[in-house]
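A short worksheet on the structure shown next.
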Amino acid sequence: MSDTPKPPVAKIIPKQDTAHGDIRTDNYFWLRDKKNPDVIKHLEAENAYTEAMMQDTKPLQEKLYAEMKSRIKETDLSVPYKDGEYFYYSRTAEGKQYAMYCRKKGSMDAQEQITIDMNALAEGKKFLRLGVYSISPDAKLLAYGLDFTGSRRFTIYIKNLETGALLKDEVPETGGAFAWANDNKTFFYNVYDSSLRSYKILRHELGFDPKSDAEVFHEKDEKFDCYIGKTRSDKYLLISTTSKTTGEHWFLDASRPKESFRCIEPRKTGHEYSVTHHEGNFLILTNDKAKNFRLMSAPVDKPGMKQWKEVIPHRPKVKIDDIDAFETFWALSVRENGLTAVEIVDAKTAKSHRIKFPEVAYLSYVSTNAEYKTSKLRYGYTSLITPNSIYDYDVAKRESELLKQQEVPGGYKADDYAVERIFAKTKDGAMIPMSLVYKKGIKKDGSNPTFLYAYGSYGISIDPTFSSGRISLLDRGFVYAIAHIRGGGEMGKQWYEDGKLLKKKNTFTDYIAAAEHLIAQKYTNPQKLVANGGSAGGLLMGAVMNMRPELFKAVHAAVPFVDVINTMFDATIPLTTSEYEEWGNPNEKKYYEYMKSYSPYDNVAAKAYPTLLLTTGLNDSQVSYWEPAKFCAKLRAMKTDANMLIFKIDMGVGHGGASGRYDALKERAFEYAFFLKTLGITQ
């Protein structure tokens, strides 16, 4: 008899649905009910099976964890930033899962004040996430939000930083957006509806019962989410309400919190714009007559579109992602040819220049800049081989000063590794950028284990950044590749639009083209190529597994959105209705048929699949645990191969996985061990 454990087999309980005259049977619909003891029993059986199948990797997991832990500076300090009289920073201590948030008055030589210690707050808790962390204008109060389940619902607490005492004001079930008014006693926050849509902005005054908080904005359109913020100038509160394709913004003098918000420009389908404040004007990024956005200016007292004047015209090859306004200059975050750049614009003349960066693939970004009146911009830079680095840029001198680079203990040398930027050509002629890193000395003979990652949705860009944990793969001979596929935002707005709605399959075929290119160029072969993606990237994993299973030796789909049809038909599920502009509304036949043609759960077939790891969290509010649970059950029933299929579900976390830094490393070690086991790499 074999000692190999048998995988759990989910009961088949047929449930029929009729859509567009099409009768669909869902045999595993019952797994949606986590209050059903049989569901929990099944999930626990999956965890037990995973534990048994990965038992032989325990020493390897421990080795990987030790390696990754040895490459982080356990006791460390973030770069302090100045806000008013104080310098704010966070620090970590050896052996502690979470950061401590601190400040010093006047200089970094002053006495430290710990504003909150996340380790103390996490005692006895499996999960803890910090949401809002906001100091009142007079620097005497701290508002902070905590989530103990991973559900993304935060309770706001107010701490008196002079006495250390918590105020009685405790606001539960908030959404994480927050802004102080200038009176130091009024703040605004957002709340979710039952489907986890941010649909209201409320106003709270200290000393009053939160149950009586005034509603100042109610977004009734289910495709829109609303948020609250404050301009860097501290003069205005801004409500932003946006869908995937349309925006609208409202403003209020931050010194008059009980007055009504005013609309800047009413929403118009397809018009996206964003707003910040500079002196007597609002600066507005708009896609009106500008697919990649242009910069406009309008007076605060008459901010409507009729008053908008162009400051920076549309540039077809340059997408403006964001603007940060300061008293004498603006910093534009832009993208060109798939690479990020920071563009400095003189506020008086509108003349501009860019900060120069040295590598072929990297990420640059505007970092924490709390003060409006400054002559310097703080920015960050990282690449696949350059640890995260924080700089101050002197705008007048055009000089950068390195303040701190992430320390990587253990003798890491960037010169030991090589970075490439290559392009894969698709059947429709698109050129897909790919960022690669590997240890120098590998041979392009088709024999290298290769890790291919991608996301490809919502216009989100996956930029080539540093990971000290990834070194454990590179030092074992891996090529690590990121495919910047359509559906993401790396190559501008059109790149995103060519990978959504009725063009969504481009995302999947782009990834396949990237895999084929790595094989054709002799980086690897199908028996050495592994695939990874999470959330909407998990959808990508499920789709390419169905389309081209022979291309990949192993796949890890994390918190995967694989049950597309059933989820998009259910408006009670968080985020569903707002997603119609990304995937389409399945109540319309053309979208239903197109979604059904790629939905991973609906396209599982009786054929051989790669070795597969599915991971999720029971409290995931973005992609429900039952999606990978159902996908796993259906694959077990239908696939014809004997390859390992394991499903790991954390019973106490949400979409982002473990919240503690050491727990997160253990998760990564487990995932890497899965790939190494599959590839037969034991050293």
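Bear in mind these aren't lab numbers, they're just calculated from the coordinates by the rules spelled out. All values reported here derive from a predicted model rather than from experimental measurement. Virtual Cβ from ideal backbone geometry, glycine too; neighbours counted across all protein chains shown.
Of all DSSP bridge pairs formed entirely within the chain, close to 85 percent run antiparallel.
Rounded to the nearest whole Hz, the Karplus-based 3J(HN,Hα) values (6.51 cos²θ - 1.76 cosθ + 1.60, θ = phi - 60°) of segment 189-200 follow the sequence 8, 10, 9, 9, 8, 5, 9, 6, 9, 6, 10, 9, with x at glycine and proline. Were the residues from Gln683 through Lys503 laid out at 0.36 nm apart, the gain over their Cα-Cα distance would be 60.5 nm.
When each of the peptides 464-471, 508-515 is scored by the mean number of other C-beta atoms lying within 10 Å of its residues, the order from highest to lowest reads 508-515, 464-471.
Summing Cβ point charges (Lys, Arg +1; Asp, Glu -1) relative to the Cα centre of the chain gives a dipole of roughly 1380 debye.
In straight-distance terms, cross-link reach from Lys34 covers every one of the aspartates and glutamates whose alpha-carbon lies under 15 Å from its own, apart from those fewer than eight places away in the same chain; here that gives Glu44, Glu46, Asp620, Glu627, Asp650.
Could you tell me the center-to-center distance, by alpha carbons, between segment 419-480 and segment 206-226 in angstrom? Here the answer is 44 Å between Cα centres. Between the residues Ala430, Tyr412, Val395, the greatest Cα displacement towards the positive end of the dipole of segment 351-462, with unit charges on the Cβ of Lys, Arg, Asp and Glu, is found for Ala430.
Estimate the FRET efficiency between Lys168 and Ala605 by the formula 1/(1 + (r/R0)^6), using the beta-carbon distance for r and 56 Å for R0, to the nearest 0.05. For R0 = 56 Å, the calculated efficiency reads 0.40.
Exceedance of the 25 Å cut-off in Cα-Cα distance is limited, within the set Lys244/Lys373; Lys6/Lys58; Lys317/Lys500, to Lys244/Lys373. What lysines does Lys15 reach when the alpha-carbon gap must be under 16 Å and sequence neighbours fewer than 8 apart in one chain are set aside? Of all the lysines, those that pass the test against Lys15 - Cα under 16 Å, at least 8 places apart if same chain - are Lys630, Lys634. Across the cross-link table entries Lys302/Lys493; Lys425/Lys648; Lys309/Lys503; Lys126/Lys200; Lys444/Lys553; Lys41/Lys505, which are compared at the Cα atoms, the separations over 26 Å belong to Lys302/Lys493; Lys425/Lys648; Lys309/Lys503; Lys126/Lys200; Lys41/Lys505. About the centre of its Cα atoms, segment 125-271 shows a dipole size close to 380 debye [charges on the beta carbon of Lys, Arg (+1) and Asp, Glu (-1) only; nearest 20 debye]. For segment 167-264, GluC sites (Glu not before Pro) meeting the loop criterion (DSSP other than H, G, I, E, B) and having at most 16 other Cβ atoms within 10 Å: Glu222, Glu259. Legend: distances between Cα atoms for Lys268/Lys427; Lys73/Lys376; Lys427/Lys596; Lys96/Lys223; Lys11/Lys220; pairs beyond 30 Å are Lys268/Lys427; Lys96/Lys223; Lys11/Lys220. Qualifying trypsin sites (Lys or Arg not before Pro) in segment 296-333, where qualification requires a DSSP coil assignment and no more than 10 other C-beta atoms within 10 Å, comprise Lys317. Along segment 106-123 the Karplus relation, 6.51 cos²θ - 1.76 cosθ + 1.60 evaluated at θ = phi - 60°, assigns HN-Hα couplings of x, 7, 6, 8, 6, 6, 7, 10, 7, 6, 8, 10, 5, 5, 5, 5, 8, 4 Hz to successive residues, with x for each Gly and Pro.
Length gained on full extension, Asp3 to His271, computed as 0.36 nm times the residue gap minus the Cα-Cα distance: 90.3 nm.
Here each label is just a point 7 Å from Cα along the line to Cβ, and for Ser194 and Lys220 those points are 1.9 nm apart. Rounded to the nearest 20, the size of the Cβ-charge dipole of segment 75-117 about its Cα centre is 60 debye, with Lys and Arg at +1 and Asp and Glu at -1.
Around the amide H of Ala254, modelled in the peptide plane, lie the amide H atoms of Tyr236, Leu237, all under 5 Å away and 5 or more residues distant in sequence or on another chain.
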